[in-house]
1. Please give the helices (runs of 4 or more DSSP H) falling wholly within the stretch A:17-121 in which 3 or more residues are free of Cβ contacts under 8 Å to residues at least 24 places away in the same chain.
2. Return the only residue of A:ILE67, A:ILE44 being in contact with a Phe, Trp or Tyr (Cβ under 8 Å, 6 or more places away or on another chain), surrounded by 14 or more Cβ atoms within 10 Å (Cβ to Cβ) and over 25 Å from B:THR122 (Cα atoms).
3. Please specify each residue of the stretch B:242-281 satisfying the condition of being among the aliphatic types (A, V, I, L, M), within 13 Å of chain A (Cβ to nearest Cβ) and touching a helix residue (DSSP H, G or I) at 6+ places or on another chain (Cβ under 7 Å).
4. When the residues of the stretch B:52-96 are filtered to those that are within 30 Å of B:GLY115 (Cα to Cα) and either of a type in the set (S, T, N, Q) or not in a strand (DSSP E or B) (or both), which remaining residue is modelled with the lowest pLDDT?
5. Which members of the stretch B:248-272 meet the condition of being more than 22 Å from B:GLU148 (Cα to Cα), open to solvent by 30 Å² or more (accessible area, probe 1.4 Å) and more than 18 Å from the chain's Cα centre (by Cα)?
6. Quick check on my filter: what residues within the stretch B:228-247 are open to solvent by 60 Å² or more (accessible area, probe 1.4 Å) and at pLDDT below 85?
7. What's the total number of residues in the stretch A:1-47 that are within 11 Å of another protein chain (Cβ to nearest Cβ) and farther than 21 Å from A:ALA110 by Cβ?
8. Anything in the stretch A:67-83 that is away from chain B (no Cβ under 14 Å) and closer than 30 Å to B:THR164 by Cα? List them, or say none.
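The values are calculated or read from the model by the stated rules, or taken from the named source; none is laboratory data. Small disclaimer: the values here were computed from a predicted structure and weren't measured. So basically every Cβ, Gly included, is an ideal-geometry build from the backbone, and we count neighbours across all protein chains shown. The protein model used for the area step is the full one, side chains on, heavy atoms only, and it has no ligands, DNA or RNA in it. Shrake-Rupley method; radii C 1.70, N 1.55, O 1.52, S 1.80 Å.
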Amino acid sequence: MVGAIYVKMDQRGVFEVKPHVRIPRTCNRFCGVIILLRVVEEPITRHLPVNSHIVGLSYTSEKLVDIEEYVSVWSNDLSPVFVVGTMVNGKVKGDYMHDYISISEYPLAAKYCLGMICEAL
Amino acid sequence: MTRPFGVKGGRKRKHAEPKYDAHDEEEEEETQPKKTVVEVEHNQEEEEETPAPAPEDDGLSGIPIAPSANNTNKPNVIFILEKASLEVAKVGKTYQLLNSDDHANFLRKNNKNPGDYRPDITHQSLLSILDSPLNKAGRLRSVYIRTEKGVLIEVKPFVRIPRTFKRFAGVMLELLQKLSISAVGKREKLLRTIKNPVTQYLPINSRKIGLSYSSEKLVDMDDYVSTVTSNMDLVFVVGAMAHGKIETDYTEDYVAISGYPLSAAYCITRITGALERKWKIL
């Protein structure tokens, strides 16, 4: 069950996506929808649960883990938060992360990274 | 990650521009920064178009070529995308790959359902396969695409498919018109159309599995791949269309891997994820 999705933009802040939304599947329609999205207040941590565990993901991290083993040690009352970069180059930075891991020894597309996380949970 | 190859042929690029301008002014304004970035990338990757040699059937066409000799003893995986909507038509003055967003009026005028023309599904599926650690570890043998019209396309695992749909459409247009796409400066074919049936290219010792939400056999993908013997190559047949189901006579098994309907790209992600766990690829 996905609780919430937040998208942090380069210049314009953060917007929220409800999990039950049906996002348009083609790029032209998706671009049309983006201008209507509701922008929420920064910093992003105010929208996260108090029992959240924030994990950043990057190919450049020195901590290479098996994602299934990584999530299996978590207790059930923990709310995981995953931070994934959706750009072509660079890495995600944030001072609010509790952990910073790499889940493959190969560079991954963001979509594939998210797929691996969803499969592990 | 390095950038993918751009669309070959500056002439096609120039032709594409006026059609883009014909769209809504609003959309043009929104996507202006993206367009600028795309143009910069394209200029960097502009290459002189080498005349494509006539497609020839080499004597080894029946024998799959593994990307590396070291992998010939390990089991590999092959993906077949069925019912892909890759169709070329003359829209206005140019030939284009038909899709539901740009050519809705043209398709309705020709008594066709725009919702059936979704080459973006094929694009997303290909990216899912080629981006997987399974492919980067060298365990993907090949990808075959069979279109709704029956054209069969072979995709090499080391190809770098364009990551934006517009460029992908340009490459596919060139492929369907010239029958193959070569690496720049080399005779190696990255994408090519091949003869039907697809079964002649599959290894003899392989298990062919069709995927469909409508199958009565619901399996856990991890459990399912663990039942396959370790030295057997796997062939997965996934439908790359928005509606309907695939019906092929060469599949030996027919499974559903989720209780929910899945997009083709996510279905492939689930398959590659299960194989990565089975073959200990991290």
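1. Working: elements: A:27-34, A:67-72, A:110-120.
Hits in the stretch A:17-121: A:27-34, A:110-120.
2. On the way: A:ILE67 fails: in contact with a Phe, Trp or Tyr (Cβ under 8 Å, 6 or more places away or on another chain).
Result: A:ILE44 is the single residue among A:ILE67, A:ILE44 that is in contact with a Phe, Trp or Tyr (Cβ under 8 Å, 6 or more places away or on another chain), surrounded by 14 or more Cβ atoms within 10 Å (Cβ to Cβ) and over 25 Å from B:THR122 (Cα atoms).
3. Narrowing the stretch B:242-281 to residues among the aliphatic types (A, V, I, L, M): B:242, B:246, B:255-257, B:262, B:264-265, B:268, B:271, B:274-275, B:281.
Now drop any that are not within 13 Å of chain A (Cβ to nearest Cβ), which leaves B:242, B:257, B:262, B:264-265, B:268, B:271, B:274-275, B:281.
Residues satisfying the conditions are B:ALA242, B:ILE257, B:ALA264, B:ALA265, B:ILE268, B:ILE271, B:ALA274, B:LEU275, B:ILE281.
4. B:GLY92
5. Within the stretch B:248-272, B:GLY259, B:TYR260 meet the criteria.
6. The first filter runs over the stretch B:228-247 and keeps only residues open to solvent by 60 Å² or more (accessible area, probe 1.4 Å), leaving B:229-231, B:243-245, B:247.
Scanning the stretch B:228-247 gives B:THR229, B:SER230, B:ASN231, B:GLY244, B:LYS245, B:GLU247.
7. The number of residues fulfilling the criteria is 2.
8. Answer for the stretch A:67-83, where residues must be away from chain B (no Cβ under 14 Å) and closer than 30 Å to B:THR164 by Cα: A:VAL81, A:PHE82, A:VAL83.
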